[in-house]
Amino acid sequence: MGAATRLPAAGGIALALASGLAGCGKIKQNDPAQTARVAAEAKRDKAACASATAYERLKDALFDAAIGRRGGDRANLDTLADYSTARMEEPLVKGRDASLDLTRCTGRFILEVPPGAERGLAGERRLQADIDYTAQAAADGSGFVYQLKGGEPIVARLAAFNLAGVAYRPPPAIDEWQGGAGAPRPTELAAAEPQPPAPAAQPPRAPPAARQSPAPPPAPQRPAAPPRESGAPQPAEPAPASSAAGPGEATVRAFYAALGAGNGGAASAHVVPEKRSSRAFSPDAISHFYGRLPGPLRVTAIAPAGPGAYRVGYRYSTGRSHCTGTAIVTLANRGGQNLIRSIRALSGC
């Protein structure tokens, strides 16, 4: 019974192990307590060797090793880690040390990088290696601590990765990128947006003699303010009403509030109808990205950026990496309602 145990589909783990032990005369088939113990061990082995959490922690270990090799330059690799996915082919349980609460595993680790990132990996979208790894329960009960061997081929490729994150990490709710070296526009960019009509041509100016008009009457004089007593508190003058605040800004604020809440349906409702089915602004895409952020999106500033446009500052975290971004949001009036026509990112996120 010392051979490696292949982890079957989740539904068959307990049955496979229980049947195997029963065939060896280890347990009685009608012993509920023993059957429950075997099922619990199978569940523990699966969590240790063949779970999504295990794969993420192994991925983190590989990226940490690559960052260490690059001498601490981690920003770009942290971004790549957040946008890459990890999985395992044929994970096996090689053995267990009960005294150390340690499970030994093996399998083929596969790292798939996001579209566009292959340009920094000589065209490869998938990095893989056969690894041996151990999972030991953490003393603080936070899960398993992993050690692995055999990941050198992946670590070496990651350490040489040299592509800026803007080339492969455009999230939903951005459909245009600021032009610049190495900053491609996302494939979901819609056709060129209609531009607002140019202002009507002004009639030719009349000659000076024809433009003479009587001088306007003098403005009425305001009464002088009474002298202020030294040291006496004065009432604050009311701030002038801001011409920028209005339904346009309210639309922008509502849209980003919905992003922060991960509510794709509410966010998409503030976008022009023809873009609500695009990958950038569809409810599902927005919910999938913004609803899973470890650090939700928060707006840091909103300011006018021209007629029907606002500059928005925001921040969020995708896990290992963090975004502090700025975008220009352009509005369009549809049936008397202000809706978002486009979002142009001025930074890499």
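Since every read-out is calculated from the coordinates, none of them should be taken as a lab result. No experiment lies behind these values; they were computed from the predicted model shown. FYI the Cβ positions are ideal-geometry reconstructions off the backbone, even for glycines, and counts take in every protein chain you see.
Overview of values
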{"read-out": "Amide proton proximity set for K94, modelled H, under 5 Å, gap of 5+", "value": "T5, R104, C105, T106"}
{"read-out": "J(HN,Hα) series, region 100-113, from Karplus relation 6.51 cos²θ - 1.76 cosθ + 1.60, nearest Hz, glycine and proline x", "value": "9, 6, 10, 10, 9, 9, 8, x, 9, 8, 10, 10, 10, 8"}
{"read-out": "In Hz, Karplus ³J(HN,Hα) per residue of region 55-63 (6.51, -1.76, 1.60; θ = phi - 60°; x = Gly, Pro)", "value": "5, 5, 6, 5, 4, 4, 5, 5, 5"}
{"read-out": "Set of aspartates and glutamates with alpha-carbon distance to K94 below 17 Å, sequence-local pairs under 8 removed", "value": "E41, D45, D130, D132"}
{"read-out": "In sequence order, calculated HN-Hα J values of region 76-93 (Karplus, 6.51, -1.76, 1.60; Hz; x Gly/Pro)", "value": "5, 6, 4, 5, 4, 4, 5, 9, 9, 10, 10, 8, 10, 9, 6, x, 10, 8"}
{"read-out": "Amide proton proximity set for V271, modelled H, under 5 Å, gap of 5+", "value": "I340"}
{"read-out": "Near-label residues of region 62-86 by backbone N, under 13 Å of a point 7 Å along Cα→Cβ of A164", "value": "76"}
{"read-out": "Relative pair counts by distance (%), Cα atoms of region 24-109, 10 Å bins", "value": "15, 33, 28, 15, 7, 3"}
{"read-out": "Candidate aspartates and glutamates - alpha carbon under 16 Å from K275, same-chain residues fewer than 8 apart omitted", "value": "D175, E176, E188, E193, D284"}
